[in-house]
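**Q** Questions regarding the structure given below will be posed in turn.
The values are calculated or read from the model by the stated rules, or taken from the named source; none is laboratory data. Because the structure is predicted, anything quoted here is derived from the model rather than measured. Backbone-built Cβ (ideal geometry, glycine too); neighbour counts: all protein chains shown. Quick note on the areas: whole protein, heavy atoms, side chains included, nothing else; ligands and nucleic acids left out. Shrake-Rupley method; radii C 1.70, N 1.55, O 1.52, S 1.80 Å.
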Amino acid sequence: ALRVCGKVPALELVQATGVGLTATRVLLLLESSAELELLQVFPAEGSPSDVQRAHSHVLEVQLGQDARLRHGVLASGSGNASLMVHLAIEQEPSSHYGLTSVCRGWRFGRLEPRVLQLEGQATTGIHGLSMTTADEQFATHSSMRFGGPEGELDQLQKAVAADHSHSIFNGAIQVPRSAQRTDASQLSRSLLLSRRARVDAKPELEIVADDVKCAHGATVSQLQQEQLFYLRSRGVAADEAAALLLKGFCGEVVDRLPAVANSWMTSGAIADPSRP
């Protein structure tokens with residue numbers, strides 16, 4: 001458990017695993033007006049395919065009034081490694097919670113952000129990117145509940161699926177009658193790099209309040225041939241053109257990670273998510 005008062009330096013929480021199951025539970029309390037930048041790192045192990053490794057982690061966060069948390073999750077698996085992460089967030093009025101998650105390389109993975117604005121009047125941002133290849137499966141199941149009026153949500157979930165992998169997104173938003181003047185936006189964008197890859201996107205909006213502004217959308221597409229042709233007509237090789245488009249697609253989320261994440265990707269300890 002960790003209690004944060006005032007504005008403190010950035011914190012890195014590195015959660016590596018050995019053979020078998022590694023499970024942790026962390027409680028994070030941000031007092032009123034506290035500010036923190038947190039990066040959770042699940043590094044690649046480089047384990048052979050026959051070694052079973054598993055992560056199971058729970059992070060509980062309570063944000064006081066006017067508290068601000070910028071939260072990054074950087075997870076890169078390998079071999080037969082699997083990942084289960086549950087995030088339980090409670091926000092007091094005037095608090096701000098921003099989550100950016102980038103996950104790739106897990107044979108099986110599941111990320112569960114659960115956010116509750118206790119009395120509304122708070123802001124939440126959720127931006128995620130998952131990348132799957134081979135026969136991997138990664139699922140993001142998010143839940144957002146507004147417990148009072150004038151709450152805000154900005155959510156963007158991106159997925160890149162290659163080979164015969166499977167990507168899943170399920171986004172639930174609950175706006176009860178007490179949550180008047182809620183402003184919530186949810187968008188799912190997925191990119192298929194193979195005809196055998198599969199993407200399932202399922203938004204769930206439960207709106208009872210009658211004075212709200214809520215929007216959602218979902219798109220599934222492939223690399224645009226027009227864009228590839230444009231780059232190739234200017235001397236860019238086909239592989240390089242595809243990599244540039246993929247980097248642009250991922251960059252919208254990757255660039256939101258806390259600054260301390262750059263050292264992990266440039267050192268090679270974590271695979272750069274913006275590369276195929």
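**Q** Relative to the longest principal Cα axis of the chain, at what angle does helix 238-254 sit, 0 to 90 degrees, rounded to 10?
**A** With rounding to tens, the tilt is 10 degrees.
**Q** Net charge within 14 Å of residue 101 by Cβ-Cβ distance, Lys/Arg positive one each and Asp/Glu negative one each, not counting residue 101 itself?
**A** So the environment of residue 101 carries a net charge of +3.
**Q** By the scheme Lys and Arg +1, Asp and Glu -1, what is the net charge of all other residues having a beta-carbon under 9 Å from that of residue 72?
**A** My count for the surroundings of residue 72 gives +1.
**Q** Counting only protein heavy atoms and a 1.4 Å probe, tell me what percentage of the chain's accessible area is made up of carbon and sulfur.
**A** 49 percent
**Q** Per residue, how large is the accessible surface of the chain? Use a 1.4 angstrom probe and give square angstrom.
**A** On a per-residue basis, the chain sits at 46 Å².
**Q** Can you give the Rg to Rh ratio for region 37-171, taking only C-alpha atoms and Rh from Kirkwood?
**A** Taking Rh as the inverse mean 1/r over Cα pairs, Rg/Rh reads 1.02.
**Q** Here's something else I'd like to know. Any chance you could run the full-extension gain for residue 223 through residue 12? It's 0.36 nm times the residue separation minus the Cα-Cα distance, nm to one decimal.
**A** 72.5 nm is the gain from fully extending residue 223 to residue 12.
**Q** Continuing with this model, one more query. Highest mean first, what order results for 53-61, 125-133 on Cβ atoms within 10 Å?
**A** The densest-packed peptide leads the list: 125-133, 53-61.
**Q** In addition: Would you calculate a helix-derived [θ] at 222 nm for the chain, using -39,500 (n - 2.57) for each DSSP H run of n ≥ 4 and dividing by the full residue count, to the nearest 500?
**A** So the calculated ellipticity at 222 nm is -3500 deg cm²/dmol.
**Q** Continuing with the same structure: Among 69-79, 176-186, what's the highest-first ranking by average C-beta atoms within 10 angstrom per residue?
**A** 69-79, 176-186
**Q** How far apart, in nanometres, would the label points at residue 52 and residue 237 be if each is projected 7 angstrom from Cα along the Cα-to-Cβ direction?
**A** Going from the residue 52 label point to the residue 237 one covers 4.2 nm.
**Q** Here's something else I'd like to know. So what J values fall out for region 213-221 if you push phi through Karplus, 6.51 cos²θ - 1.76 cosθ + 1.60 with θ = phi - 60°, rounded to Hz, Gly and Pro as x?
**A** Whole-Hz 3J(HN,Hα) from phi for region 213-221: 10, 10, 9, 8, x, 8, 10, 10, 8.
**Q** In addition: How big is the chain in terms of Cα radius of gyration and Dmax, in angstroms?
**A** Here Rg and the maximum Cα pair distance are 19.1, 58 Å.
**Q** On to the next question. Using packing as a proxy for protection, rank 199-208, 26-35, 102-111 so that the peptide with the highest average count of other Cβ atoms within 10 Å comes first.
**A** Order by mean packing, descending: 102-111, 26-35, 199-208.
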